[in-house]
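Trainee: If you scroll down you'll find the structure; I have some questions about it.
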Amino acid sequence: MKIYQVEELVGITKKNIRFYEEQKLLCPKRNPQNDYREYSLEDVRQLEKIKLLRKLSVPIEEIRLIEVGKVSLTQSMNQQIERIEKELQNAELMKGLCARLRDEATDLKTLNASFYLSEMERMENQGTKFKDIQKEDINRKKKSGAVAAALVFCLILIISFIGMIFVYRTDPEILVPVIVTGLILIGLVAGIIIALIQRIKEINGGEEYDARNY
């Protein structure tokens, strides 16, 4: 089957399917006649397993070790339980720090940030991990950039069509070219919107960023 069919079946974007192939977690066969990838039901089941483990935040490298038999699924789940317990401990510590800020700091002007940053650094040295908002910032910038680019292209196309209409008003004989151009422009705008939606889905998927942690 084709990659778009796999997308629909598994609910993983084309970009992330390619990413898993690059990470050697998926190796679809190729058609010897045209060298195109041909995905099997086994590939679909493999992607479902990868999707499940990634939703449980299992590192990509660990999934690779499970695949080659160096780590069992039981061992992986035990390790993941330990990681989750550590995250819960981190969350409790962060909750406590937030409560202190609420109770001790009256407003932003009087906030002694250096004191709390020193406290956070001490906690980090003891193993606490505070939330990394870098991914959210990067995703927000990516989305903003994609939307801005789409709007610019759509605006250019709309201005071009308006220009064609002004030309038509001075020369009614070009009605057919104006209609054809208008239909083409509508198709292009629709294509841009579809591409934008797909890009936002890919950004929300974000596996490329997640892989940097592993």
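Trainee: So is P59 in contact with a strand residue (DSSP E or B) (Cβ under 8 Å, 6 or more places away or on another chain) and surrounded by 15 or more Cβ atoms within 10 Å (Cβ to Cβ) or not?
Mentor: no
Trainee: Out of all the residues in the range 139-183, which are more than 28 Å from the chain's Cα centre (by Cα), surrounded by 13 or more Cβ atoms within 10 Å (Cβ to Cβ) and under 30 Å from T13 (Cβ atoms)?
Mentor: L157
Trainee: Among what's in the range 74-124 and is of a type in the set (A, V, I, L, M) and closer than 30 Å to L52 by Cα, pick the residue that is most open to solvent (accessible area, probe 1.4 Å).
Mentor: So the residue we want is L88.
Trainee: Specify which of the listed residues (E121, E104, E202) is within 25 Å of G11 (Cα to Cα) and among the charged types (D, E, K, R).
Mentor: That would be E202, the only listed residue that is within 25 Å of G11 (Cα to Cα) and among the charged types (D, E, K, R).
Trainee: Of everything in the range 29-49 that's in contact with a strand residue (DSSP E or B) (Cβ under 9 Å, 6 or more places away or on another chain) and not charged (D, E, K, R), which residue is most open to solvent (accessible area, probe 1.4 Å)?
Mentor: Checking each candidate, the answer is Y36.
Trainee: Ok, one more. Using beta carbons and a limit of 8 Å, which pairs, at least six apart or on different chains, have the first residue in the range 14-35 and of a type in the set (S, T, Y) and the second one surrounded by 15 or more Cβ atoms within 10 Å (Cβ to Cβ) and not in a loop (DSSP other than H, G, I, E, B)?
Mentor: As it stands, the answer is Y20/L47; Y20/I50; Y20/E207, since those pairs meet every condition given.
Trainee: Could you please let me know if E82 is within 25 Å of V58 (Cβ to Cβ) and out of contact with any helix residue (DSSP H, G or I) (no Cβ under 8 Å at 6 or more places or on another chain)?
Mentor: Yes; evaluated as a whole, the condition is true for this residue.
Trainee: Listed residues K95, K109; which is more than 30 Å from K2 (Cβ to Cβ) and outside any helix (DSSP H, G or I)?
Mentor: Criteria check complete, one pass: K109.
The values are calculated or read from the model by the stated rules, or taken from the named source; none is laboratory data. These numbers were taken from a predicted model, which means no experiment stands behind them. Using ideal geometry, Cβ is built from the backbone for each residue, glycine included, and neighbour counts are taken over all protein chains shown. Ligands, DNA and RNA are excluded from the accessible area calculation, which covers all protein heavy atoms including side chains. Shrake-Rupley method; radii C 1.70, N 1.55, O 1.52, S 1.80 Å.
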